[in-house]
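S.K.: Quick one: the structure is below, questions incoming.
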Amino acid sequence: MNIKLINSFRDRLMKNLENVIIGKTKSLETVLIGLLCRGHLLIEDVPGVGKTIIARSLAISLGSDFHRIQFTPDMLPSDITGVSIYNQATKKFEFRPGPIMAQIVLADEINRATPKTQSALLEAMEERQVTVDGITHLLPKSFMVIGTQNPIEYEGTFPLPEAQLDRFLMRIKVGYPSPLSEIQMLESQQYRHPIETLTKVVSVKDLERVQEEVKKIYLSKAIKQYIVEIIKTTREHEDIYLGSSPRGSLGLFKVGQAIAALQNREYVLPDDIKEIAEPVLAHRIVLKPEARIRNLTAGQIIQEIIDSLPIPNGAYFSQ
């Protein structure tokens, strides 16, 4: 594994992003993890905390194609995937690609669209392609969806279908900045927004090389068993109606590799899995009505599961 290559990529990208998003290092590291895993991210938070700016800054830093889709209740699936239009001159149908045809796609306020329109992303997110009028169109290799949504109790929102939630590698929150960070934000935007001076610092080719390096991170059999036991417990827990799918296992596997790589390790530790279990799994489970009545959250139950399971000890990390 090329640690030097990963470190260089991480440092250049994080430094660039932190010029725009101040005081949110942890959130930016989670976005970087999703990027290294070729995963899609769902950012759920109140308006105005920088969800859109994160996506725009990431695209600029990579020098990648970027499209923003503003989801609204009257949007149609073809507004996302594209449409075939008849050309009178050539007497043939021509495909007009929709905004999904980009390397970084911001699905802004995704839960303001109806479930029918939301489902237009399912094929794109899982298979990295879209099918229009029976013809399949491939998406870029580095295709990534960053969905943003307001909390579902906000007026005019529709809950995302479970099948679509499952296709997001992680669901994260940004949160309000600290008072000191907010003062720095005010000062940085006194004359112009920092994103106006942001430049490309890494390339998509660099990203693809680092993604391949991350895949080389080693997971012992004990760690794999630990991941599977976590997922199995979500399917058997008394407060969970629907447990995590196998995508949850794959998510923990890949995210664990990315965390280890960013910490200059060639192997995954149990703490890596524990650290990221809630963002990877909380949106993949459905609670029973009784649990919701008791004001339990998916995050609390995932944490309870993590705390209840024995941790593999160091003796299991040999080949």
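S.K.: Yes or no: the range 32-54 includes at least one residue that is crowded, with 19+ Cβ neighbours inside 10 Å and of a type in the set (Ser, Thr, Tyr).
M.R.: No; the residues of the range 32-54 include none that is crowded, with 19+ Cβ neighbours inside 10 Å and of a type in the set (Ser, Thr, Tyr).
S.K.: Filter the range 248-273 down to residues that are surrounded by fewer than 18 Cβ atoms within 10 Å (Cβ to Cβ) and within 17 Å of residue 229 (Cβ to Cβ) and give me whichever is nearest to the chain's Cα centre (by Cα). Walk me through how you get there before you give the answer.
M.R.: Here is the first cut: in the range 248-273, the residues surrounded by fewer than 18 Cβ atoms within 10 Å (Cβ to Cβ) are 250, 263-267, 271.
From the residues that got through so far, the ones that are within 17 Å of residue 229 (Cβ to Cβ) too are 250, 271.
Numbers: 250: 14, 271: 20 Å.
If we take residues in the range 248-273 being surrounded by fewer than 18 Cβ atoms within 10 Å (Cβ to Cβ) and within 17 Å of residue 229 (Cβ to Cβ), then 250 is nearest to the chain's Cα centre (by Cα).
S.K.: Here's a follow-up. Taking the residues in the range 10-23 that are within 19 Å of the chain's Cα centre (by Cα) and part of a helix (DSSP H, G or I) as candidates, determine which candidate is farthest from residue 215 (Cα to Cα).
M.R.: Across the range 10-23, the extreme among qualifying residues is 18.
S.K.: Checking residue 154 against (1) of a type in the set (Phe, Trp, Tyr); (2) modelled with pLDDT of 90 or more; (3) surrounded by fewer than 17 Cβ atoms within 10 Å (Cβ to Cβ), which test does it fail?
M.R.: Among (1) of a type in the set (Phe, Trp, Tyr); (2) modelled with pLDDT of 90 or more; (3) surrounded by fewer than 17 Cβ atoms within 10 Å (Cβ to Cβ), residue 154 violates only (2).
S.K.: Ok, one more. Given the conditions (1) buried (at least 16 other Cβ atoms within 10 Å of the Cβ); (2) over 30 Å from residue 255 (Cα atoms), which single one is not true for residue 86?
M.R.: Result: residue 86 passes all but (1).
S.K.: Okay, next question. Could you please tell me which pairs satisfy a Cβ distance under 7 Å, a separation of 6+ or placement on different chains, a first residue in the range 136-160 that is under 12 Å from residue 118 (Cα atoms) and aliphatic (A, V, I, L, M), and a second residue that is surrounded by 13 or more Cβ atoms within 10 Å (Cβ to Cβ) and at pLDDT below 90?
M.R.: 160/110; 160/111; 160/118
S.K.: If a residue must be part of a strand (DSSP E or B) and in contact (Cβ under 8 Å) with a residue 12 or more places away in the chain, how many such residues does the range 106-130 contain?
M.R.: Within the range 106-130, the subset part of a strand (DSSP E or B) is 106-108, 129-130.
When the remaining residues are screened for being in contact (Cβ under 8 Å) with a residue 12 or more places away in the chain, the result is 106-108, 130.
Counting residues in the range 106-130 that are part of a strand (DSSP E or B) and in contact (Cβ under 8 Å) with a residue 12 or more places away in the chain gives 4.
S.K.: Does the range 224-244 include one or more residues that are over 29 Å from residue 287 (Cβ atoms), hydrophobic (A, V, I, L, M, F, W, C), touching a residue at least 24 places away in the same chain (Cβ under 8 Å) and not in a strand (DSSP E or B)?
M.R.: If we filter the range 224-244 for residues that are over 29 Å from residue 287 (Cβ atoms), which is where we start, we get none.
Scanning the range 224-244 turns up no residue that is over 29 Å from residue 287 (Cβ atoms), hydrophobic (A, V, I, L, M, F, W, C), touching a residue at least 24 places away in the same chain (Cβ under 8 Å) and not in a strand (DSSP E or B).
The values are calculated or read from the model by the stated rules, or taken from the named source; none is laboratory data. None of the values given here were measured: they were computed from a predicted structure. Note: ideal-geometry Cβ built from the backbone for every residue, glycine included; neighbour counts use all protein chains shown.
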